[in-house]
Amino acid sequence: MENNILLESGTNELEVLEFMVGTQSFGINIAKVNEIMNYTPMIPVPDSPPEFEGVFTPRDKVISVIDLHKVLNKESTDVAHDLLIICNFNQMDVGFHVSSVKGIQRISWEDIEKPPRISGDGTNNIATGIAKLTDRIILILDFEKIVSDINRSAVIDATGATMTDESKADKHIVIAEDSPFLNKLIQSTLTDAGYQNIVSFDNGRDAWDYISGHRDMKGDILDHVSCVISDIEMPQMDGHHLTKRIKDDDILHRIPVYLFSSLINAQMRAKGESVGADAQFSKPQIGALINYINEHI
């Protein structure tokens, strides 16, 4: 599958690969997808969770495969014609076993809503968005959480993170991250590093409203907002568009924006640079992100 990620930077749009698991439609950002392959039997790995189907080796590369039928409690309608969606994110290759692929949908982030929280703080949700089309809805899955439930170290690695200087403990850090699981984890990692003044949002729109609300406050803007940590994929407003709005503002542009996303690769890094991101970190490198913040704010 050819993946050129043709969308212009900062347009607040994404392309979603729509696929079926059983009889229900789900979606994944096309930027995460390398190729689509016919299903092939896996080599099982002993003592692994039931959702972890095993590994296979196309072109001498070992790829782990997660069966989304088991994750979502769905039945395959015809295993012989099932497919594998081969993805790259969080600096790893992983395949997802699905029933079929319907095609690519171009959607504005404004048309993607947060799913309702069934209970608790939402950290157990495995859907991060609901995309409404004319005749159906597509659930956007939290693939980072799906992978982390099997291997947490694949999503967040705080190795090497150091404590901040006490003089920086009150620096005001704004987080924009739509995954409740990752949002909470980033907050707790910052807190463990000594930061005490943290506010978080689960979409770029609310983060922008909060940040822009500080533009007319007296004094140095950096005394009000020290930095922004933003995911790229978010309902209502994505991280690239959020960054562009901040950097295009004659007052807010001085606020450092650090993109922290599973999508950071050469193409996406170029997109981040084009909208003015001050630094970009690929999940799971939260240790590197923390150390960079310690040095630069």
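Is it the case that some residue within the range 209-226 is closer than 22 Å to ASP111 by Cβ and part of a loop (DSSP other than H, G, I, E, B)? No; the residues of the range 209-226 include none that is closer than 22 Å to ASP111 by Cβ and part of a loop (DSSP other than H, G, I, E, B).
Which condition does LYS32 not pass, out of (1) surrounded by 19 or more Cβ atoms within 10 Å (Cβ to Cβ); (2) modelled with pLDDT of 95 or more, if it passes all the others? Unmet for LYS32, out of (1) surrounded by 19 or more Cβ atoms within 10 Å (Cβ to Cβ); (2) modelled with pLDDT of 95 or more: (2).
Checking the range 250-263 against the condition returns no match, with no residue being open to solvent by 30 Å² or more (accessible area, probe 1.4 Å), at pLDDT below 95, touching a helix residue (DSSP H, G or I) at 6+ places or on another chain (Cβ under 8 Å) and of a type in the set (S, T, N, Q). When restricted to residues that are of a type in the set (Asp, Glu) and touching a helix residue (DSSP H, G or I) at 6+ places or on another chain (Cβ under 7 Å), the range 75-114 contains 1.
Filtering ASP82, ASP60, ASP67 for residues that are free of Cβ contacts under 8 Å to residues at least 40 places away in the same chain and closer than 18 Å to PHE26 by Cα leaves a single hit, ASP67.
Out of all the residues in the range 285-295, is one or more surrounded by fewer than 17 Cβ atoms within 10 Å (Cβ to Cβ), out of contact with any strand residue (DSSP E or B) (no Cβ under 7 Å at 6 or more places or on another chain) and modelled with pLDDT of 95 or more?
So far as the range 285-295 goes, no, none of its residues is surrounded by fewer than 17 Cβ atoms within 10 Å (Cβ to Cβ), out of contact with any strand residue (DSSP E or B) (no Cβ under 7 Å at 6 or more places or on another chain) and modelled with pLDDT of 95 or more.
Name the residue that is least open to solvent (accessible area, probe 1.4 Å), counting only residues in the range 201-220 that are farther than 19 Å from LEU182 by Cβ and of a type in the set (A, V, I, L, M, F, W, C). For the range 201-220, the residue satisfying everything is ILE211.
PRO46 satisfies every condition listed in (1) free of Cβ contacts under 8 Å to residues at least 12 places away in the same chain; (2) in a strand (DSSP E or B) except (2). Scan the range 168-182 for residues that are open to solvent by 10 Å² or more (accessible area, probe 1.4 Å) and either part of a helix (DSSP H, G or I) or aromatic (Phe, Trp, Tyr) (or both) and the total you get is 3. Of all the numbered requirements in (1) in contact with a Leu (Cβ under 6 Å, 6 or more places away or on another chain); (2) open to solvent by less than 60 Å² (accessible area, probe 1.4 Å), VAL16 misses one, and that requirement is (1).
The values are calculated or read from the model by the stated rules, or taken from the named source; none is laboratory data. Fair warning: this is a prediction, and the values are worked out from it, not measured in the lab. No Cβ is skipped: glycine too gets one built from the backbone with ideal geometry, and neighbour counts run over all protein chains shown. To get the accessible areas, we keep the full protein, side chains included, count just its heavy atoms, and leave off ligands, DNA and RNA. Shrake-Rupley method; radii C 1.70, N 1.55, O 1.52, S 1.80 Å.
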